[in-house]
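K.L.:
Before anything else, here's the structure in question.
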Amino acid sequence: MTTLSATGSSERERALGTGYGFSAYLLWGVLPLYFVFLAPTGPWEVVAWRVLLSLVFCAILLTVARGWGRMIAVLRNPRLALWTAIAGVLIYVNWQTFLIATLTGHVVESSLGYFINPITTVVLAVLVLHERLRPAQWAAVGIAAAAVVVIVVGYGSVPWIALILSTSFGLYGLVKNRIGGAVDAVSGLALETMWLAPVAVVQLVVFAATAGLTYGTVSTLHTVMLSLAGVATAVPLLLFAAGARRISLTAVGLLQFIAPILQFLVGVVVLHEPMPLERWIGFGIVWVALVVLSVDMIRHARRPRPALEPEPVA
């Protein structure tokens with residue numbers, strides 16, 4: 001009975017984790033539509049409000065969950081505090097680039113950035129962590145590099161938005177990996193947005209003095225939607241954190257393709273962004289690389305792991 005109970009509990013946890021993860025990537029996938037709705041608010045103003053309102057939302061969550069002690073403990077650790085500041089800079093670059101892409105008609109290119117993000121993560125593992133890649137992983141990296149070349153040559157421009165999004169989010173993931181479980185999701189986002197708050201305030205002041213702020217000037221619905229930017233930012237992150245704790249890394253890796261697929265469909269089907277033949281070819285090559293990487297990931301996860309030898313007792 002105990003074994004059956006434990007097995008059932010484990011299955012429920014995996015199902016719950018899959019649901020959380022799916023919901024997170026689903027929300028990230030349709031997020032471009034949310035930000036497009038915020039027009040005429042520009043990307044710089046949206047990001048500034050996104051930072052400040054995310055900080056407010058996290059403060060509410062920390063108060064409700066009595067988590068201020070955990071956050072203060074992180075601040076008292078100089079190494080962890082520095083890592084959260086670096087994570088804040090990286091996520092700022094990612095958010096700003098994503099908003100510029102979304103609000104200037106480049107949702108398809110931003111989806112390319114998140115399609116190649118798994119490849120970028122593999123490259124960073126080699127360059128920074130000095131990990132050794134399996135042959136299939138090297139093949140996926142080579143195929144993805146060829147795709148970028150095809151897009152550059154055929155489309156006539158470097159996909160800077162995709163490359164910046166992929167690199168910034170890949171580095172952000174690397175930093176979060178370094179932090180590990182020492183910082184919970186809410187405290188992490190609270191600290192990252194706290195470091196960015198002065199930058200956001202300066203952006204709003206400059207924008208108010210030049211172009212003028214749109215907050216509260218368009219319509220009641222627009223004001224409400226812009227006010228929810230913090231919630232829209234934090235909720236998928238918290239769902240992801242809750243899901244990642246319950247499912248395998250392989251499952252997380254496969255679920256992450258939901259977001260760029262949905263972003264691609266939003267850009268092509270809903271927003272009618274152009275997709276010339278050379279771009280289709282480039283995307284097709286990227287998808288081949290992702291299939292190679294995914295198959296290798298699944299095969300490696302299914303291999304039986306050798307039993308760990310007992311450590312010698314000192």
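K.L.:
I need every pair where a residue in region 196-220 that is of a type in the set (A, V, I, L, M) has its Cβ under 8 Å from the Cβ of a residue that is assigned to a loop (DSSP other than H, G, I, E, B), sequence separation at least 6 or different chains.
P.N.:
The qualifying pairs are Leu204/Leu213; Ala211/Gly42; Val218/Pro40; Val218/Thr41.
K.L.:
Would you pick out the residues in region 196-241 that are of a type in the set (S, T, N, Q) and either surrounded by 17 or more Cβ atoms within 10 Å (Cβ to Cβ) or not in a loop (DSSP other than H, G, I, E, B) (or both)? Outline the logic, then answer.
P.N.:
Taking region 196-241 as the starting set, the residues that turn out to be of a type in the set (S, T, N, Q) are 203, 210, 214, 217, 219-220, 223, 227, 233.
Selection gives Gln203, Thr210, Thr214, Thr220, Thr223, Ser227, Thr233.
K.L.:
Kindly indicate which of Glu109, Glu131 is more than 20 Å from the chain's Cα centre (by Cα) and over 18 Å from Val291 (Cβ atoms).
P.N.:
Checking each option against the conditions leaves just Glu131.
K.L.:
Residues that are in a helix (DSSP H, G or I) and either closer than 27 Å to Gly212 by Cβ or aromatic (Phe, Trp, Tyr) (or both): does region 58-67 have at least one?
P.N.:
Going residue by residue through region 58-67, those that are in a helix (DSSP H, G or I) are 58-64.
Then keep just the ones that are either closer than 27 Å to Gly212 by Cβ or aromatic (Phe, Trp, Tyr) (or both); that gives none.
Within region 58-67 (the criterion being in a helix (DSSP H, G or I) and either closer than 27 Å to Gly212 by Cβ or aromatic (Phe, Trp, Tyr) (or both)), the answer is no, since none of the residues qualifies.
K.L.:
Of the residues Val149, Val175, Val186, Val141, only one is out of contact with any helix residue (DSSP H, G or I) (no Cβ under 8 Å at 6 or more places or on another chain) and part of a helix (DSSP H, G or I); which?
P.N.:
Val149
K.L.:
Can I ask one more? Looking at region 152-172 only, could you name the residues that are over 23 Å from the mean Cα position of the chain (by Cα) and part of a helix (DSSP H, G or I)?
P.N.:
Val152, Val153, Gly154, Tyr155
K.L.:
List the number of the failed condition for Gly180; all other conditions in (1) at negative phi; (2) out of contact with any Ser or Thr (no Cβ under 8 Å at 6 or more places or on another chain); (3) assigned to a helix (DSSP H, G or I) hold.
P.N.:
(1)
K.L.:
Does at least one position in region 259-277 carry a residue that is under 17 Å from the mean Cα position of the chain (by Cα), assigned to a loop (DSSP other than H, G, I, E, B) and either under 30 Å from Val186 (Cα atoms) or among the hydroxyl-bearing types (Ser, Thr, Tyr) (or both)?
P.N.:
no
K.L.:
Here's another thing I want to ask about it. Filtering region 246-258 down to residues that are out of contact with any Phe, Trp or Tyr (no Cβ under 6 Å at 6 or more places or on another chain) and in a helix (DSSP H, G or I), which residue is surrounded by the fewest Cβ atoms within 10 Å (Cβ to Cβ)?
P.N.:
Leu249
K.L.:
Now for a separate question. Give me the pairs: first residue in region 141-156 and under 12 Å from Val288 (Cβ atoms), second residue in a helix (DSSP H, G or I) and aromatic (Phe, Trp, Tyr), beta-carbon distance under 8 Å, and six or more apart or on different chains, which are they?
P.N.:
Ala147/Phe283
K.L.:
Run down Leu75, Leu129, Leu99, Leu82 and say which single residue is within 25 Å of Gly42 (Cβ to Cβ) and either out of contact with any Gly (no Cβ under 8 Å at 6 or more places or on another chain) or not hydrophobic (A, V, I, L, M, F, W, C) (or both).
P.N.:
Numbers: Leu75 fails: within 25 Å of Gly42 (Cβ to Cβ); Leu129 fails: within 25 Å of Gly42 (Cβ to Cβ); Leu82 fails: within 25 Å of Gly42 (Cβ to Cβ).
Answer to the selection: Leu99.
Matching residues to (1) over 19 Å from the mean Cα position of the chain (by Cα); (2) surrounded by fewer than 20 Cβ atoms within 10 Å (Cβ to Cβ); (3) at pLDDT below 90:
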| site | (1), (2), (3) |
| --- | --- |
| Leu26 | no, yes, no |
| Leu33 | no, yes, no |
| Leu38 | yes, no, no |
| Leu52 | no, yes, no |
| Ala59 | yes, yes, no |
| Gly88 | no, no, no |
| Tyr92 | no, no, no |
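K.L.:
Right, another one. For a quick check of your reading of the model, give me the residue pairs whose first member lies in region 104-131 and is free of Cβ contacts under 8 Å to residues at least 40 places away in the same chain, whose second is of a type in the set (Asp, Glu) and loosely packed, with under 14 Cβ neighbours inside 10 Å, with beta-carbon atoms closer than 9 Å and at least 6 apart or on different chains.
P.N.:
Ala125/Glu131
The values are calculated or read from the model by the stated rules, or taken from the named source; none is laboratory data. These numbers come from a predicted model, not from an experiment. Note that each Cβ is placed from the backbone with ideal geometry, even for glycine, and that neighbours are counted across all protein chains shown.
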